[in-house]
1. Among the residues of the range 91-126, which ones are under 20 Å from K143 (Cβ atoms) and not basic (K, R)?
2. Quick one: in the range 38-57, of everything that is surrounded by 12 or more Cβ atoms within 10 Å (Cβ to Cβ) and in contact with a Ser or Thr (Cβ under 8 Å, 6 or more places away or on another chain), which residue is nearest to L229 (Cα to Cα)?
3. Those residues that are touching a residue at least 40 places away in the same chain (Cβ under 8 Å), loosely packed, with under 15 Cβ neighbours inside 10 Å and among the polar types (S, T, N, Q), I need them from the range 117-135; list them, please.
4. What are the pairs, 6+ residues apart or on separate chains, where a residue within the range 211-223 that is in contact (Cβ under 8 Å) with a residue 60 or more places away in the chain and assigned by TED's automatic domain parsing to the domain that holds E72 has its Cβ under 9 Å from a residue that is surrounded by 14 or more Cβ atoms within 10 Å (Cβ to Cβ) and basic (K, R)?
5. Take N146 and decide whether it is polar (S, T, N, Q), outside any helix (DSSP H, G or I) and more than 30 Å from H47 (Cα to Cα).
6. In the range 100-126, which residues are in contact with a Pro (Cβ under 9 Å, 6 or more places away or on another chain) and among the polar types (S, T, N, Q)?
7. With the checklist (1) assigned to a helix (DSSP H, G or I); (2) surrounded by fewer than 19 Cβ atoms within 10 Å (Cβ to Cβ) in hand, flag the one item A172 doesn't pass.
8. Does any residue of the range 135-143 turn out to be under 18 Å from M113 (Cα atoms) and of a type in the set (D, E)?
Amino acid sequence: MSNLPLSEAPAATSKVSPLERVAPYVKRTVKGLSSKVFTVDPIAGAHFSKIVSVMSSAYKRHGTILERSFLEVLSDYPDLMVWNEANFWVPSGVDHIVRASIADPTHLFGTNMPYTGSGARQLQIDLMVYNKNTRTFCAYEIKRGNGKHDAGKQRSMLVDTMCTQILLHGYAGTRGLEPVSVRSYVIFYYGQCSLKAPFAIKGTDVDAHFEKPISDQIEEVNELFRRELFSILSAA
């Protein structure tokens, strides 16, 4: 199983904050953006062409920074087990079940299919959270949510969410977990949701959802990324 490391510094039991653990990754990301090769547009010129190129890449990389922020912040809570899953297998039979029910997917809640660790395709699950106290197990895809996806992408996202949903209980068993409930969600951090409830969570609701005060710490990482990014743009 190939999982993204949760830290680039000492483990969460140390006094190192989530911001300090994510900071090296943020700074490497911005350094990479500063050296990005770009094409000069004949209308925009070199100065604005670089700004457009850097910002376009920054939006994409910010999604990964958000993922790492959630992982690091939530990993500091001892009642939670937190990781990501780069290779979540979806068998073709599960795909068929979900696609046949996509007009009303909520009726698949409570349907649990075995997880075999093989299948027709793979998903990357950005965030897995098992609550040891409540024995709830949830999977999350994390999106910036600063613009809505087109209809085709929305459908694909819903299919992936529901495939994860009905495989999640079986997957938990492969990790030695016995959850009493499982759920799959998409977090749209900036609030423009391409899916509706009960599948979508807005960034403004994450504290209530996780029952933890995490949003301020995530915003600390965002502010660091913003400062580092603006520092290279001001020198453009």
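The values are calculated or read from the model by the stated rules, or taken from the named source; none is laboratory data. Owing to the predicted nature of the structure, the values given are computational and were not obtained by experimental measurement. Using ideal geometry, Cβ is built from the backbone for each residue, glycine included, and neighbour counts are taken over all protein chains shown.
1. Passing the criteria: V98, I102, P105, Q122, L123, Q124, I125, D126.
2. Among those residues, the one meeting the criterion is V54.
3. Once the filter is applied, which keeps residues that are touching a residue at least 40 places away in the same chain (Cβ under 8 Å), loosely packed, with under 15 Cβ neighbours inside 10 Å and among the polar types (S, T, N, Q), the range 117-135 yields Q124, N133, T134.
4. The qualifying pairs are V221/R68.
5. Working: polar (S, T, N, Q): yes; outside any helix (DSSP H, G or I): yes; more than 30 Å from H47 (Cα to Cα): no.
Judged against the criteria, N146 is not a match.
6. Selection gives T106, T116, S118.
7. Unmet for A172, out of (1) assigned to a helix (DSSP H, G or I); (2) surrounded by fewer than 19 Cβ atoms within 10 Å (Cβ to Cβ): (2).
8. Narrowing the range 135-143 to residues under 18 Å from M113 (Cα atoms): 136-139.
With the extra rule that they be of a type in the set (D, E), the set shrinks to none.
No, that holds for no residue.
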